[in-house]
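Before any comments, here is the structure.
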């Protein structure tokens, strides 16, 4: 079994043809900021619309994440104001002797959906059966835009605008460093969509405690890892 040091060497092995494409991409290095966007750990199923703490399983997830990140240099830890995000972030920060800075703009999607209604039911109630079904089918086909919900959910521009501003502020505070940002599925997915140039606000669904790594230099942003859970020993 290879040692952790040897695995790191294998991961960073040189690539003979890399110079052909190197100018087009950002690479981890002393002049590039690494932002680890992490979704919070598990909360109970009946907690929608509330501000719950992590479940026992969620705390175990957060500790597994923290143990994995303990071997990395972390220069700052940030979180949404929610309990679940702050508690997940605290597990990581504690391994590095850091505090958690709360950023309000990292909060979850603003939601006015009828309580207990499925997305299809909410759309039909709001727009009528024909239009509600049309919007729902547009999402199923991959056009997952928050704007399809009208005023039931925060607009795409609003969500992306506040999350982009929040991440840009973190980048500005950590030039050439590595920072952890713990938030929620919708803000993370929308930000990744922005970086990827996708109009879909949910280009993918971030799993609990998953890591999405964005590299930043100046005004350039590139995704380097999406929705990874190496701390659980799986992709």
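The values are calculated or read from the model by the stated rules, or taken from the named source; none is laboratory data. Fair warning: this is a prediction, and the values are worked out from it, not measured in the lab. Reconstructed Cβ throughout: ideal geometry from the backbone, glycine too, with neighbour counts over all protein chains shown.
Restrict the check to region 78-100 and report whether at least one residue is surrounded by 14 or more Cβ atoms within 10 Å (Cβ to Cβ) and over 25 Å from the mean Cα position of the chain (by Cα).
Among the residues of region 78-100, not one is surrounded by 14 or more Cβ atoms within 10 Å (Cβ to Cβ) and over 25 Å from the mean Cα position of the chain (by Cα), which makes the answer no.
Confirm whether residue 42 is within 30 Å of residue 84 (Cβ to Cβ) and either within 26 Å of the chain's Cα centre (by Cα) or touching a residue at least 40 places away in the same chain (Cβ under 8 Å) (or both).
Spelling it out, residue 42 is indeed within 30 Å of residue 84 (Cβ to Cβ) and either within 26 Å of the chain's Cα centre (by Cα) or touching a residue at least 40 places away in the same chain (Cβ under 8 Å) (or both).
Can you tell me how many residues in region 165-176 are part of a helix (DSSP H, G or I) and either within 13 Å of the chain's Cα centre (by Cα) or within 11 Å of residue 33 (Cα to Cα) (or both)?
7
Given (1) more than 24 Å from residue 99 (Cβ to Cβ); (2) surrounded by fewer than 22 Cβ atoms within 10 Å (Cβ to Cβ); (3) in contact (Cβ under 8 Å) with a residue 12 or more places away in the chain, where does residue 233 come up short, assuming only one miss?
Failed condition: (3).
Within region 113-123, is even one residue under 19 Å from residue 37 (Cα atoms), loosely packed, with under 14 Cβ neighbours inside 10 Å and touching a helix residue (DSSP H, G or I) at 6+ places or on another chain (Cβ under 9 Å)?
no
When you go through (1) touching a helix residue (DSSP H, G or I) at 6+ places or on another chain (Cβ under 8 Å); (2) closer than 21 Å to residue 195 by Cα; (3) free of Cβ contacts under 8 Å to residues at least 60 places away in the same chain one by one for residue 59, which number turns out not to apply?
Single failed check for residue 59: (2).
Please name all residue pairs, on different chains or six or more residues apart, with Cβ atoms under 9 Å, provided the first residue is in region 198-226 and is in the same structural domain as residue 163 (by TED's automatic domain parsing) and free of Cβ contacts under 8 Å to residues at least 40 places away in the same chain and the second residue is in a loop (DSSP other than H, G, I, E, B) and crowded, with 22+ Cβ neighbours inside 10 Å.
These pairs meet every condition: 226/206; 226/210.
Restricting attention to region 183-194, does a residue exist that is assigned by TED's automatic domain parsing to the domain that holds residue 54 and surrounded by fewer than 16 Cβ atoms within 10 Å (Cβ to Cβ)?
Applying the first criterion (assigned by TED's automatic domain parsing to the domain that holds residue 54) to region 183-194 yields 183-194.
Next, only the ones that are surrounded by fewer than 16 Cβ atoms within 10 Å (Cβ to Cβ) stay: none.
No, region 183-194 contains no residue that is assigned by TED's automatic domain parsing to the domain that holds residue 54 and surrounded by fewer than 16 Cβ atoms within 10 Å (Cβ to Cβ).
For region 177-228, give me every one of the strands (runs of 3 or more DSSP E) that falls completely inside it and has 1 or more residues that are over 22 Å from residue 145 (Cα atoms), out of contact with any strand residue (DSSP E or B) (no Cβ under 8 Å at 6 or more places or on another chain) and modelled with pLDDT of 95 or more.
220-228
So residue 104 fits all but one of (1) at pLDDT 95 or above; (2) in contact with a helix residue (DSSP H, G or I) (Cβ under 7 Å, 6 or more places away or on another chain); what number is the exception?
(2)
Taking residue 51, is it in the same structural domain as residue 89 (by TED's automatic domain parsing) and either farther than 29 Å from residue 105 by Cβ or crowded, with 18+ Cβ neighbours inside 10 Å (or both)?
no
Just one of the numbered conditions (1) out of contact with any strand residue (DSSP E or B) (no Cβ under 8 Å at 6 or more places or on another chain); (2) within 25 Å of residue 36 (Cβ to Cβ); (3) loosely packed, with under 14 Cβ neighbours inside 10 Å; (4) at pLDDT 95 or above is not true of residue 162; which one?
Status for residue 162: all satisfied but (3).
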